[in-house]
Amino acid sequence: HDTVAALGNPHIRTSSLDRLAGEGVAFTRAYCQSPVCTPSRASFLTGRYASGVLCNQNGNARWPEAAPLVTKLLKDAGYRCGLAGKLHLADPRKPGSALGQAEAAPGAVWEPRPRDDGYEVFHWSHNQKDLWPTGHAYADWVREAAGERLGSIRERLGHVPAEFHQSRWCADRAIDFLRGADARPWLFSVNLFDPHPPFDPPPDYLARYDAAALPPPAFRESDLEAQARLAEVDFGTPCRRPETFGAREVKARYYAMIELLDHHVGRMLDALEASGQRENTLIVFTSDHGDMLGDHGLLHKGCRFYEGLTRVPLLIAGPGFARNGEIRDDLVELTDLAPTFLDFAGLPASPAMVGRSLRPVLCGDRAHGRTAVRCEYYNATAPNNTGRAHYRGSHGTMYRNHRYKLVIYHGCGAGELFDLGNDPGEHENLWDAADHRAVRDDLMRASFDATVAALEPVPGRNPLFR
């Protein structure tokens with residue numbers, strides 16, 4: 001959330017994102033609904049929490065089909081929908097195969113893509129690796145364009161050159177799509193893999209960042225003890241002092257990836273304008289989650305709810321906005337995206353969606369009205385599918401209002417309460433503070449009510465049922 005120059009980061013170069021923020025609206029308090037990939041994507045593609053659509057973990061063998069994707073709803077309304085890059089609503093690695101991490105359960109059905117996701121054009125690329133013999137469209141393109149496999153390029157050079165990077169390939173596919181647009185309205189999802197481990201940007205981009213000049217992670221010695229109390233709760237890496245894993249170098253690599261990504265965002269914006277469609281297109285830039293980047297001694301992701309992991313960038317530009325270049329601090333969820341798309345398309349949101357359209361904010365200069373946002377982690381990486389010691393299967397929920405953030409790690413008696421107004425770095429856990437007991441109890445009740453409401457069945461009952 002804090003890696004856009006125009007929003008206050010003087011250490012990064014994001015000219016295209018700055019341009020997008022200046023031509024639209026930037027939301028500085030937007031939150032994903034899960035700190036890991038699959039459940040987060042399930043939430044913003046349906047407008048519902050992952051728990052409400054039964055898609056709670058990475059590694060699930062198939063999309064549960066509990067709710068339609070917003071692309072399916074748009075397709076049914078006459079939209080032509082396309083995708084380049086990652087989808088990740090189910091594990092693309094077939095269980096029991098050489099790529100799978102576990103044998104398929106008896107009778108299990110493996111479906112890496114929803115049965116009707118609405119995508120007419122589907123250029124799939126799960127990551128920047130060449131793990132599939134065929135069918136990984138990006139890796140197939142690299143083999144044809146470079147004359148060798150991705151794996152051999154990375155082994156020979158230690159990175160993938162910018163001209164063969166997945167970000168470039170995704171942008172090329174988007175540009176081809178919008179240039180070939182017909183009379184139908186359209187939606188295109190550009191799902192770039194970066195910034196993502198293994199943090200290996202092209203050297204010419206990395207050379208633009210001096211790791212020693214970057215600010216250190218948000219870390220205090222007390223974080224070691226705080227994270228030791230959560231040792232049984234899922235996370236991808238153990239807590240360590242940031243200097244032990246070169247956190248500033250990691251940040252430099254992360255920033256370099258974002259600058260490469262930013263370059264291709266600019267290419268897509270230029271192509272959209274050249275096609276004459278910019279004035280009638282809604283453009284959204286966001287992320288499914290963040291990365292700890294050394295904050296609190298942690299790297300990557302897992303069952304934690306700190307700002308670096310759950311708070312994400314959200315830039316929106318489009319027609320009819322009240323004020324362009326506006327920076328807003330409304331509390332926003334990524335569940336709000338699906339109903340926003342439907343609203344701009346002139347379609348009603350499903351009654352089951354918990355998200356709220358942002359169009360009144362964007363076009364009417366009104367506050368969004370959310371008093372709180374939620375995030376959840378429900379056994380989000382199945383232990384049997386990972387073989388990684390730091391993933392055991394955990395449950396956690398976050399409830400954040402305008403001032404406080406409450407986190408409950410269910411089943412282990414642990415929790416966190418942060419006063420974000422006075423402690424934006426989330427170092428002072430007030431969970432056991434006597435003078436904040438009433439605040440904690442009130443937030444626990446509100447969080448419990450919100451969790452129950454998230455599981456509310458779809459409205460509408462058979463009139464014959466009494």
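The values are calculated or read from the model by the stated rules, or taken from the named source; none is laboratory data. Please read all numbers here as calculations on a predicted model, not as lab measurements. We place every Cβ from the backbone using ideal geometry, glycine too, and count neighbours over all the protein chains shown. Just the protein is used for accessible areas: all its heavy atoms, side chains included, with ligands, DNA and RNA removed. Shrake-Rupley method; radii C 1.70, N 1.55, O 1.52, S 1.80 Å.
Here is how the numbers come out for the structure above:
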item	result
Selection status of residue 220, open to solvent by 30 Å² or more (accessible area, probe 1.4 Å), under 30 Å from residue 284 (Cα atoms) and either of a type in the set (Phe, Trp, Tyr) or at pLDDT 95 or above (or both)	no
Selected residue (criterion: nearest to the chain's Cα centre (by Cα)) from residues of segment 416-428 that are open to solvent by 70 Å² or more (accessible area, probe 1.4 Å) and within 20 Å of residue 304 (Cβ to Cβ)	424
Among residues of segment 31-44, those that are farther than 10 Å from residue 63 by Cβ and of a type in the set (A, V, I, L, M), counted	1
Residue among 82, 22 that alone is touching a residue at least 40 places away in the same chain (Cβ under 8 Å) and in contact with a Ser or Thr (Cβ under 8 Å, 6 or more places away or on another chain)	82
Any hit, segment 219-227, residues being part of a helix (DSSP H, G or I) and under 24 Å from the mean Cα position of the chain (by Cα)	yes
Residue ID - farthest from the chain's Cα centre (by Cα), chosen from residues in segment 149-195 that are assigned to a helix (DSSP H, G or I) and of a type in the set (Lys, Arg)	156
Any hit, segment 22-33, residues being surrounded by 23 or more Cβ atoms within 10 Å (Cβ to Cβ) and assigned to a loop (DSSP other than H, G, I, E, B)	yes
Evaluation of residue 269 against (1) under 22 Å from residue 9 (Cβ atoms); (2) buried (at least 20 other Cβ atoms within 10 Å of the Cβ) (one fails), failing number	(2)
Residue 118 being at positive phi and surrounded by 15 or more Cβ atoms within 10 Å (Cβ to Cβ)	yes
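Every residue, every condition in (1) in a helix (DSSP H, G or I); (2) in contact (Cβ under 8 Å) with a residue 12 or more places away in the chain; (3) over 19 Å from residue 279 (Cβ atoms); (4) open to solvent by less than 10 Å² (accessible area, probe 1.4 Å), yes or no:
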{"residue": "299", "(1), (2), (3), (4)": "no, yes, yes, no"}
{"residue": "305", "(1), (2), (3), (4)": "no, yes, yes, yes"}
{"residue": "308", "(1), (2), (3), (4)": "yes, yes, yes, no"}
{"residue": "321", "(1), (2), (3), (4)": "no, yes, no, no"}
{"residue": "337", "(1), (2), (3), (4)": "yes, yes, yes, yes"}
{"residue": "340", "(1), (2), (3), (4)": "yes, yes, no, yes"}
{"residue": "350", "(1), (2), (3), (4)": "no, yes, yes, no"}
{"residue": "367", "(1), (2), (3), (4)": "no, yes, yes, no"}
